[in-house]
């Protein structure tokens, strides 16, 4: 499925805050006694809940973006259908008028 460029760039922008918060979050965990390795970091229940909340929010944003993309794709399809109909009508008019 091809998406319009403005939707792709918009979707990427939605990912930037999540990526930034993850890098900030990981740097914070390394200074709180955890190791610098993401998989070896020790998390407390508050940090785990924060991650769950961030994941939930990102899932919601992603779902909304997919719905917008689907809506845009339907509009594009309708425009293409309209264009084909207009081209057929124009061709029929040219044939009918002898042009």
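The values are calculated or read from the model by the stated rules, or taken from the named source; none is laboratory data. Worth saying up front: this structure is predicted, and the values here are computed from it rather than measured. When we count neighbours, we look across all protein chains shown, and the Cβ atoms used for this are built from the backbone with ideal geometry, even at glycine.
Okay, here's what the table says:
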quantity: Residue 2, sole failed condition from (1) in contact with a helix residue (DSSP H, G or I) (Cβ under 9 Å, 6 or more places away or on another chain); (2) modelled with pLDDT of 60 or more; (3) surrounded by 10 or more Cβ atoms within 10 Å (Cβ to Cβ); calculated: (3)
quantity: Of the criteria (1) in a helix (DSSP H, G or I); (2) modelled with pLDDT under 95, which one residue 40 fails; calculated: (1)
